[in-house]
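J.: I'd like to ask some things about the structure below.
The values are calculated or read from the model by the stated rules, or taken from the named source; none is laboratory data. As the structure is a prediction and not an experimental result, all values here were calculated from the model. For neighbour counting, all protein chains shown are included, and Cβ atoms are generated from backbone atoms with ideal geometry for every residue, glycine included. The accessibility values were calculated without ligands, DNA or RNA, using every heavy atom of the protein model including side chains. Shrake-Rupley method; radii C 1.70, N 1.55, O 1.52, S 1.80 Å.
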Amino acid sequence: MTPFLKNMFVIARRDFLAIVATPTFLLFLLAPLFMVGMGLAGGMGASQLADSARGAGRIVAVADASDVPALRAADVRLRGGLTRQVPALVIRIAGPANADPVAIAREKGSDTYAVLSGPLATPRIVEREPDSNAGRYLALLADDVLRSKAAGPLPPVAPRFESLSSGGTSIALQQSLGFGAVFIIFLLTLLLAGQTVSSLAEEKGNKVIEILAAAVPLESVFLGKLLGFLGVAVLFIAFWLVMALAGGLIAALQIDPAALASVQSASKAAAALAAAPATGWPFFLGIGFVYFILSFLLLGAVFLGVGAQAATVREIQMLSLPITIFQVGMFSLSTAAASAPGSRLSTIAQIFPFSSPLAMAARAATDDSKAVHLLALSWQAIWVALVVFLSVRLFRAGVLSGGSSWKFWRRGGRAVARAATAAAATTAQPADPH
Amino acid sequence: MNDFSVEARGLTKYFGDFKAVDDVSLAVPTGSIYGVLGPNGAGKTTSLRMTLGIIDPDAGSSRVFGERPQAVRHRIGYLPEERGLYPGMKAREAIAFMGALRGLDWSEGRRRAATFMTELGLERVIDEKIRKMSKGMAQMIQLIGSIVHAPDLIVLDEPFSGLDPVNQERLETLVRRERDRGATILFSTHVMAHAERLCDRLAIIARSQRRFEGTVDDARGLLPMQVRYTPRADADASAIAALLPAGAELRGDSWFFPIDDADVEPMLTRITASGLGVAGLSITRPALHDAFVHIVRQVDASFDANAGTDAVEEALA
């Protein structure tokens, strides 16, 4: 091992142990539990609300008694082909009690979205919102009943459904896999990389920085710190991955598979799992993890460099907002790119170094070429090195030399002022009588 | 092999518009103890930092063992002026960590840490966390940390400040022992007693510039020797004054005056011939302290004079 790498690992080891061997780390490790708990509580509340609202919604058809069976049959037939949920159909027999559709629409106790009344050929449809789905559906029902009346009884259609079980994954599913990859990498980076901003504050606070700067190249201090934090991040992810797998295993053993299959959302999840990213699952997961590491190192290096310039804890706190906004910016760019593979925007997102890991992870879901990832990884690694190099230069020139160089405008201003004074002195000299 | 472990030439550093170090050169002979003396804020620490390549000079260069200081980091041990250790680390680990930074194996570092700490009477706190220690103890830990890898050059910035007399004594012993091992020691201080006892050579920095370089005796030789003479016989003060060099002062029974080396024997001859007798006579070289104060005052005086002249010139213009 070269001395540089050795130094890097010495720093990384110290940082990793200093973070992990504290009670605070336990709090950090378990923090997602709060998030999961809050999410569960919120989700349950929302679904209860939705359930109660769904039970109260309806559409009403006021029709002659003779049309009721046909209406019911048409409702059953048409409902199966709709992608959007239509409220339950309530049929009332036309008569003096149900003469006013507006009154029916305003009845208390339920949300009435549309009411159909009058002859089926020229029905009057009162709807809550203009051009509503519910109103169009009632018109469709009337149309269907009229047609079946005119045509007489038809033999029932007997369709044979065949599914394309090995026909490849749809583009949309692959894109959503890409989006998922972007989101997960972004979330993990947001949660974990932001910590590097304050990592040099400790050394500056307890003056250890001078010992480090004298003993080892600052580049290895910066890289070692990044590595230490990456170790913490990987430990965090591994812990939750193991927890999730264990949880999943226990759940699978507890729940009856038949019951699981009958749940609609579970079958959707199964469909998503059955969908394969363009590069295949093993490669996609592997490269996704590598892109997470690169994303962490890239953003972590920027934050470390910026944080190293800050003089006080207050300044570091102030820096956390622009840093979060920067991360969200990279996320937005990458999600926009993930939803439009092959577009110019996605190329930009893949080339721009700080969004590149996110955008390239999304690309792995939709594009099956693998060599391009090697290129992207090298490109991103170069940028990690470049950012660290620049951060070190700034740190050496500013903080270690005792100057407040991150306020570059002041330094620049002073230099300009000095140059101006010198220029004034030289121009004034010839006019000097002495 | 080069005779100098450290060769710094023309080091200059600006902090903003302030010239903190102005054309300072240092040449530290291999195997010697070299002191950099100077009043507070003279530029000692900045000079040492530039010498070690921790900060870049605006002008000048530094060579350690004939190479760039960054290339020989593992052969250097450095105790910075601003002491710093990770408070959560145990003493043994902190020393091993500092050794590991300079390429020493962790386990060897831990072993040497225990040996050093026992030698310096710190065996009770080997596995104690730094935050539980007194400032002086932590300073000794850091000192051990900076020499645990047996470096060829040891640079100590104000090593004695903050230590009690017993620990100062221990540190002096440690410094001599490291020199006997073959290491070169470069340290800064403004406490003259340590420099006088330890240094083979020294440099005095005042107002950002090097004002003196040489041995302790050279420095003391800058000032004339001091004579204290007490005549045995009673005599008229003016008669005795006539016998002694101009500027002799009578305090109590004794006369005090400076004397040049060449004037010692003639003066003794005059006193013997005068018949006044000698009740007491001492001829001493001034201490390093006096030489230091003399040099610094001279520099300050010239600065004040320059400032005065500048002010007059400005007023006339």
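J.: If you build a Gaussian network model of chain B, linking Cα atoms that sit under 10 Å apart, which residue out of B:Pro286, B:Pro87, B:Pro39 swings the most?
T.: Its mean-square fluctuation being the largest, the pick is B:Pro87.
J.: Right, another one. Taking Cα atoms, how many degrees apart are the long axis of helix B:165-181 and the longest axis of chain B, rounded to 10 and kept between 0 and 90?
T.: 80 degrees
J.: Still on this structure: Which FRET efficiency value, to the nearest 0.05, do you get for A:Ile93 and A:Lys149 by plugging their Cβ-Cβ distance into 1/(1 + (r/R0)^6) with R0 = 22 Å? Could the numbers behind the result be given before it?
T.: Working: r = 18 Å, r/R0 = 0.80.
Once rounded, the FRET efficiency stands at 0.80.
J.: Same structure, new question: Quick one: accessible surface of B:Val278, probe radius 1.4 Å, all protein chains present, in square angstrom to the nearest 10.
T.: 60 Å²
J.: Just reorder A:Leu40, B:Leu243 by solvent-accessible area, largest first, 1.4 Å probe, all chains present. Write out the running numbers ahead of the final one.
T.: Values: A:Leu40 110, B:Leu243 30 Å².
Listed by decreasing accessible area, they come as A:Leu40, B:Leu243.
J.: Among B:Ala150, B:Ala239, B:Ala195, whose mean-square fluctuation peaks in a Gaussian network model of chain B (Cα, cutoff 10 Å)?
T.: Most flexible of the set in this elastic network: B:Ala239.
J.: Okay, next question. Dividing the Cα convex hull volume of segment A:97-142 by residue count, how many Å³ per residue is that?
T.: 75 Å³
J.: Right, here's the next one. Go ahead and run the numbers for FRET between B:Ser25 and A:Leu374, Cβ-Cβ distance against an R0 of 51 Å, rounding to 0.05.
T.: The computed FRET efficiency comes out at 0.45.
J.: Given the protein chains as shown and a 1.4 Å probe, how many square angstrom of A:Ile91 are accessible, to the nearest 10?
T.: 30 Å²
J.: Any chance you could give the angle, 0 to 90 degrees and rounded to 10, that helix B:91-101 forms with the longest Cα principal axis of chain B?
T.: Taking the Cα atoms of chain B, the angle to B:91-101 is about 90 degrees.
J.: Can you pull the semi-axes for the protein assembly as shown, root of five times each eigenvalue of the Cα gyration tensor, sorted largest first, whole Å? Please report the intermediate quantities before stating the final value.
T.: Values: eigenvalues 1523, 173, 110 Å².
They are 87, 29, 23 Å, listed largest first.
J.: Take every DSSP beta bridge whose two residues both sit in segment B:4-220, then give the antiparallel share in percent to the nearest 5.
T.: Counting only bridges with both partners in segment B:4-220, antiparallel ones make up about 55 percent.
J.: Something else now. Which links in B:Lys13/B:Lys90; A:Lys225/B:Lys90; B:Lys13/B:Lys135; A:Lys6/A:Lys207; B:Lys44/B:Lys129; B:Lys44/B:Lys132 stretch past 29 Å when you go from one Cα to the other?
T.: From B:Lys13/B:Lys90; A:Lys225/B:Lys90; B:Lys13/B:Lys135; A:Lys6/A:Lys207; B:Lys44/B:Lys129; B:Lys44/B:Lys132, over 29 Å: B:Lys13/B:Lys90; B:Lys13/B:Lys135; B:Lys44/B:Lys129; B:Lys44/B:Lys132.
J.: While we're looking at this one, here's another question. Post the alpha-carbon centroid distance, segment A:124-201 to segment B:131-157, in whole angstrom.
T.: 68 Å
J.: To one decimal place, what orientation-averaged projected area in nm² is obtained for the convex hull of the Cα set of segment A:56-151?
T.: With the hull built on Cα positions only, its mean projection is 6.0 nm².
J.: Compute the distance in nm between two label points, each set 7 Å from the Cα along the Cα-to-Cβ direction, one at B:Glu108 and one at B:Asp56.
T.: 3.4 nm
J.: Can you give the Rg/Rh ratio of segment A:164-256, where Rg is from the C-alpha atoms and Rh is the Kirkwood radius? Kindly include the intermediate steps, with their values, before the conclusion.
T.: Values: Rg = 20.9 Å, Rh = 17.2 Å.
Value, to two decimals: 1.22.
J.: Express in whole angstrom the spacing between the alpha-carbon centres of segment A:1-35 and segment B:52-83.
T.: So the separation of the two Cα centres works out to 30 Å.
J.: Could you work out how far helix B:106-119 tilts from the main Cα principal axis of chain B, as a 0 to 90 degree angle to the nearest 10?
T.: Taking Cα atoms only, the helix is inclined about 40 degrees.
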